[in-house]
Amino acid sequence: MIPTERIAESNEDAGRFLAADVAHVSDVVGRWGVDAERVISSVARFSVAAPSWAVGTGGTRFGRFPIPGEPRTTYEKIDDVAALNALTGANRTVSLHVPWDDPDDPVALRAYARERGICFDAMNSNTFQDNPSTTANGGISYKFGSLANVDEGARKAAVEHNLAVIDLGVQLGSKAITVWLADGMNHPGQANFRGQFERVLDGLRAIHEHLPPDWLMFTEHKPFEPSFYASVNNDWGSSMLLAQGTGEQCLCLVDLGHHLPNTNIEQVVSRLAMAGRLGGFHFNDSKYGDDDLTVGSINHFQLFLIFLELLEAGGGSMPDLAYMIDESHNLKDPLEDLIQATDAIQHTLALALCVSHDDLTDAQQANDPARAAEVLHRAFRTDVRPLVAEARRRNGAAIDPLAAYRAAGYRAAAAAERGASGAATGL
């Protein structure tokens with residue numbers, strides 16, 4: 001844990017001019033009819049889950065470069081998320097990935113997390129790589145798919161895995177499961193398009209039947225990788241067809257990196273929200289594909305526009321969705337990257353809240369695209385960092401979380417305790 005007194009010490013210097021800066025920004029946005037206090041309180045309330053696998057370094061198909069102090073167990077992953085939340089005040093939940101996280105005593109793990117102020121967000125199943133529980137069962141493999149596989153044994157194993165993940169999530173206090181499938185084809189003619197889709201739908205229905213009444217299930221689309229010719233759930237339309245065909249508790253999840261270049265993701269968000277099927281959102285950024293780069297580091301204006309659609313879907317507030325950061329930290333300290341990602345999310349939410357809805361609606365109704373653009377950029381170009389910092393301060397978090405993290409020496413302490421051989425994922 002990072003002691004509260006260390007955060008308070010870091011805030012003494014970082015907060016010397018904060019009150020004056022907040023007053024200045026409040027005056028600027030107030031001229032547009034924006035209530036800065038509402039912006040601050042909205043940012044303070046918002047929380048985004050940290051994935052258990054992202055507290056360790058990721059990798060590429062060319063290699064992985066671990067750093068000292070990576071977590072060796074799910075307990076240590078929760079320690080890292082608790083440290084992250086202490087700094088940002090906005091990462092109050094963790095999302096586990098099974099079997100990368102498969103605790104022997106879920107009740108004890110839940111109590112351990114609760115003591116550190118962390119709850120469990122959506123569970124994540126894994127049928128994109130062979131697991132010991134499946135390969136030991138008659139040599140079943142997901143090489144040619146899981147729910148879409150022509151092999152009945154593979155399909156059965158995939159369903160049973162998802163059911164086990166739900167049962168584990170119930171013990172942890174989770175309320176949702178995300179089902180991302182690697183199923184598809186690398187070669188034309190390898191499989192039948194309709195047959196694959198129908199088999200996946202049958203499998204999702206079997207999983208859906210196992211959901212507790214207060215649970216949700218999310219279908220997550222992705223256009224390619226690891227199947228490069230065709231993915232079964234390749235876009236938002238396929239995802240919505242699967243969700244609609246599965247059941248009322250099945251919604252769609254949007255991952256920012258799971259789109260082809262130049263896809264209008266804000267429109268995807270709008271369409272799914274209109275259909276009542278928007279259930280989850282994974283934050284990251286990309287230049288080419290599923291790059292899993294730091295949130296807001298490449299396409300910040302697009303992220304801003306996506307937040308506007310999320311606020312539209314929530315009637316002016318962030319809708320109650322399963323929000324998670326989904327990144328792969330290949331070069332940075334993973335916690336530093338998660339700090340920067342969380343800050344970017346808080347910052348972009350504040351920018352979107354500073355858009356005058358009345359002014360934008362007037363410009364749209366007058367068919368005045370120049371005026372509409374001015375309204376958007378007026379907010380986007382405003383320095384709202386003092387409002388975000390004030391939101392963190394009110395949450396007892398760090399005004400400058402990255403500086404506070406480095407000053408606390410958390411990585412060095414973790415390295416001394418854990419060594420240099422940990423791995424936070426199963427890849």
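Tabulated values for the structure
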| read-out | value |
| --- | --- |
| Test: residue in segment 109-125 that is surrounded by fewer than 22 Cβ atoms within 10 Å (Cβ to Cβ), under 24 Å from Ala407 (Cα atoms), at pLDDT 95 or above and among the small types (Gly, Ala, Ser) | yes |
| Some residue of segment 345-356 being closer than 24 Å to Lys222 by Cβ and either touching a residue at least 40 places away in the same chain (Cβ under 8 Å) or not polar (S, T, N, Q) (or both) | yes |
| Where a residue in segment 261-277 is within 9 Å of Ala313 (Cα to Cα) and its partner, wherever it lies, is of a type in the set (D, E, K, R) and outside any loop (DSSP other than H, G, I, E, B), with Cβ under 8 Å and at least six apart | Val269/Glu309; Ser270/Glu309; Ser270/Glu312; Ala273/Glu309; Ala273/Glu312 |
| Segment 302-330, subset free of Cβ contacts under 8 Å to residues at least 40 places away in the same chain and not in a helix (DSSP H, G or I), residue nearest to Gly89 (Cα to Cα) | Asp320 |
| Residue in segment 27-57 that is farthest from Leu311 (Cα to Cα), counting only those that are without any contact (Cβ under 8 Å) to a residue 12 or more places away in the chain and either over 28 Å from the mean Cα position of the chain (by Cα) or not in a helix (DSSP H, G or I) (or both) | Asp27 |
| Residue count for segment 205-248, restricted to those that are basic (Lys, Arg) and over 21 Å from the mean Cα position of the chain (by Cα) | 1 |
| Residue list for segment 241-257, filter: buried (at least 21 other Cβ atoms within 10 Å of the Cβ) and hydrophobic (A, V, I, L, M, F, W, C) | Leu242, Ala243, Cys250, Leu251, Cys252, Leu253, Val254, Leu256 |
| Checking Val384 against (1) under 27 Å from Ser41 (Cα atoms); (2) at pLDDT below 95, the condition it does not meet | (2) |
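The values are calculated or read from the model by the stated rules, or taken from the named source; none is laboratory data. Worth saying up front: this structure is predicted, and the values here are computed from it rather than measured. Note that we place each Cβ from the backbone using ideal geometry, even for glycine, and neighbour counts take in every protein chain shown.
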